[in-house]
Amino acid sequence: MLVVTTENVPGFSVQEVKGQVFGVVVRSRGLGGNILAGLRSLVGGEITEYTQLLEEARRHAVDRMVKNARLMGANAIVMMRFDSAEIGQTMSEIVAYGTAVVLENDA
Amino acid sequence: MLRAVSLVGFAALAVAGLLLVAAHGGRPGPGWPMAIWGSVATLALWIERWRYRRIERERDGGHWQATGERFEDPETGEVVEVLYDAHSGERRYAPAPTNGGSYPEQAPR
């Protein structure tokens, strides 16, 4: 399934718009990861624990979104965007959303 | 390395706390908080299970198709390819082939 951030996909045309689709996830590194992140923040630089957390959360959200789009009968998602928020002090919410469509090759 | 050092440090704190508790005959003192929090931190660091999905080491040919998405895993530094199963909608992550090959690309029908 093609997932793009643009409205149009060169070489393809939208045959049908299935509607909005999203995938949401809330993740945390847990006590261990937060302890390590706190220790690392004392010396500065990249906090790899949180970098990895956010990378994983985005992939999890996209995977959910793709699965939902397939359930809707779409073969592509256009105008995909991310949104994020904090829940509590240690949890991160990521939502990936877009428009599920059926694309057809113009060729 | 930070993880290993922290594990050893908190484990040592827990052990020191337990020794203090034993030295005081189990009576209230500084040993109990050290033992409890040292143990909790050690356990939390040891059994941390935050990974969403491991990078699949077995690249079974099956029904997986390449999406074209690739990224560098921030933890290991290896290049990872994203695969897609059109039947189930599942996505998986596998090491990108180093010989230039890949799974067949999937294009919208």
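Set side by side, the residues A:Ser41, A:Ser92, A:Ser13 differ, and just one is closer than 26 Å to B:Glu78 by Cα, among the polar types (S, T, N, Q) and in contact (Cβ under 8 Å) with a residue 60 or more places away in the chain, which is A:Ser92.
Filter the stretch A:54-75 down to residues that are of a type in the set (A, V, I, L, M), assigned to a helix (DSSP H, G or I) and over 8 Å from the mean Cα position of the chain (by Cα) and give me whichever is farthest from the other protein chains (Cβ to nearest Cβ). Give the derivation first.
Kept after step one, since they are of a type in the set (A, V, I, L, M), are these residues of the stretch A:54-75: A:54, A:57, A:61-62, A:65-66, A:69, A:71-72, A:74.
Subset that is assigned to a helix (DSSP H, G or I): A:54, A:57, A:61-62, A:65-66, A:69, A:71.
From what is left, the residues that are over 8 Å from the mean Cα position of the chain (by Cα) are A:54, A:66, A:69, A:71.
On the way: A:Leu54: 10, A:Val66: 6, A:Ala69: 8, A:Leu71: 7 Å.
Once the filter is applied, the top-ranked residue is A:Leu54.
Only one entry in A:Ile87, A:Ile94, A:Ile77 is of a type in the set (A, V, I, L, M, F, W, C) and loosely packed, with under 15 Cβ neighbours inside 10 Å, namely A:Ile87.
Being polar (S, T, N, Q), over 17 Å from B:Leu43 (Cα atoms) and part of a strand (DSSP E or B) is the filter here, so list the residues in the stretch A:19-47 that pass it.
First, the residues of the stretch A:19-47 that are polar (S, T, N, Q): A:20, A:28, A:34, A:41.
Still in the list and also over 17 Å from B:Leu43 (Cα atoms): A:20, A:41.
Listed by number, the list holds a single entry, A:Gln20.
One residue stands out among those in the stretch A:41-91 that are hydroxyl-bearing (Ser, Thr, Tyr) and modelled with pLDDT under 90: the one that is nearest to A:Gly30 (Cα to Cα), which is A:Thr90.
Just one of the listed residues (B:Ala44, B:Ala22, B:Ala4, B:Ala12) is at pLDDT below 90, among the small types (Gly, Ala, Ser) and over 23 Å from the mean Cα position of the chain (by Cα), namely B:Ala22. Here is the figure for the stretch A:11-40: residues that are small (Gly, Ala, Ser), at pLDDT below 90 and at negative phi total 5.
Against the test of being under 13 Å from the mean Cα position of the chain (by Cα) and β-branched (Val, Ile, Thr), the options A:Val21, A:Val17, A:Val43, A:Val9 yield a single qualifying residue, A:Val21. The set of residues from the stretch A:97-107 being part of a strand (DSSP E or B) and either of a type in the set (S, T, N, Q) or surrounded by fewer than 22 Cβ atoms within 10 Å (Cβ to Cβ) (or both) comprises A:Tyr97, A:Thr99, A:Val102, A:Glu104, A:Asn105.
The values are calculated or read from the model by the stated rules, or taken from the named source; none is laboratory data. Source: prediction; values computed, not measured. All Cβ positions, even for glycine, are placed from backbone atoms using ideal geometry, and neighbour counts span all protein chains on display.
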